[in-house]
Every structure is written in C-alpha cells, then in structure tokens.
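Here the structure is laid out as structure tokens; the discussion comes afterwards.
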Amino acid sequence: MLGSRYRTIVPRLTGPVCSLRRSLVSQAVQGSPAWKLGRLNHVAIAVLDMEQASTFWKHVMQADSVSESVAMPEHGVYTVFVELGNTKIELLHPYGAQSPIAGFLAKNVSGGIHHICLEVPDISAALETLKAHGVRPLSDKPKIGAHGLPVVFLHPKDCGGVLTELEEKRFPA
C-alpha cells in the first residue's frame, strides 16, 4: 500500500535532494530489516510552564496518571510523563539556558510538539541500518533516556521534518 502511494507521490519530486531521498527510500523498501520498528512510545511537547501543563493534563484532560517533574540535567530538561493507556505524552521544560528545549521555545513561543519517540528492539542494529540509508543520528552513540533505556535522536531533515527519538525496548518473544 505504502509503496504504490509512494510511487504516485515521488515522481512529482525533482532535484538532487529529492532524487537522493527517493533512492534511499526505494533501497530501504527492498531490503530485509535486521530489526523491526515497534510502537509509539510517546509524543513530546515543549511547555513554557510545567506546573500549568501538568495541571491541564491531569484535571482538564483527565489523564490516567501524571508523574511528578523530574530534572534530567544531562539532557537539559525537566520531564513529566502523562499516561494515556496506549501511549504517553512527555512534557518537556528547559533545564538551564543551554537546554535544547529553551532554543525550541524561543522559536515556538507557545510551545508545541517537539518530537516523537518510537520503540526498537535493538538500537544499534537500527542505527546501523538507518545510517546506511543516509539517516543522520544527532549523536554518535545512544544515551540513557528518561526511562533508563538507550535512546538516540534522528535528524528531522531525514525523517520527514519530524525530530524522531528511538528508544530501545525489549519485546516479548
């Protein structure tokens, strides 16, 4: 289904960058993956006021559960997780002026969706495959993320304009 839809859209794209991306996607579709993409783990939203955002999700949206704010200085953020049953929302607030979220909020003064996080069973295999197809990670190797698991971010220009986080999660056999 995606392949036929892709062939319909892609021929309209022109230029060297579009040709490269069209080539990378065609190669990726043909290969047999060493890993498989898992479920959506969370959608991250950058917020100006963590307390106000937490209250909104807890009392107005009536989320199942809203965690306490946790400082993550190594990532430059405070995080709150909102449990939705089938996935989570991660609220992000800057931890210091050098926080990547501070930069995002400077450009997006009302806050907004910052990234999505997808689960993979083997982050090293996923990175190897993605790099081979021209997808650039934002760091050389995975770091430990908010859930205590290895994570890596992928460049939004290589992921359809979406900052994408991969999180290693072991799936049941």
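The values are calculated or read from the model by the stated rules, or taken from the named source; none is laboratory data. Predicted, not measured: the structure shown is a model, and the values here were computed from it. When we count neighbours, we look across all protein chains shown, and the Cβ atoms used for this are built from the backbone with ideal geometry, even at glycine. Surface accessibility is based on the protein's heavy atoms, side chains included, excluding ligands, DNA and RNA. Shrake-Rupley method; radii C 1.70, N 1.55, O 1.52, S 1.80 Å.
Quick check: anything in the stretch 37-47 without any contact (Cβ under 8 Å) to a residue 12 or more places away in the chain and farther than 17 Å from Lys169 by Cβ? No - not one qualifying residue is present in the stretch 37-47. Checking each residue in the stretch 135-159 for being modelled with pLDDT under 95 and more than 20 Å from Val77 (Cβ to Cβ) picks out only Asp140. Of the residues making up the stretch 41-69, those that are β-branched (Val, Ile, Thr), surrounded by fewer than 17 Cβ atoms within 10 Å (Cβ to Cβ) and part of a strand (DSSP E or B) number 1. Among all residue pairs at least 6 apart or on different chains, which show Cβ distances below 8 Å where the first residue, located in the stretch 68-80, is under 14 Å from Glu51 (Cα atoms) and the second is exposed (fewer than 11 other Cβ atoms within 10 Å of the Cβ)? Cβ pairs passing all conditions: Val80/Glu68.
Can you pull out the residues in the stretch 70-114 that are under 16 Å from His42 (Cα atoms) and open to solvent by 30 Å² or more (accessible area, probe 1.4 Å)? The answer is Tyr78, Glu83, Leu84, Gly85, Asn86, His93, Ile113, His114. Taken over the stretch 115-131, residues that are part of a strand (DSSP E or B) and farther than 22 Å from Ala46 by Cβ amount to 1. Just one of (1) surrounded by 13 or more Cβ atoms within 10 Å (Cβ to Cβ); (2) within 14 Å of the chain's Cα centre (by Cα); (3) assigned to a loop (DSSP other than H, G, I, E, B) trips up Gly134, so point out which. The single condition Gly134 does not satisfy is (2).
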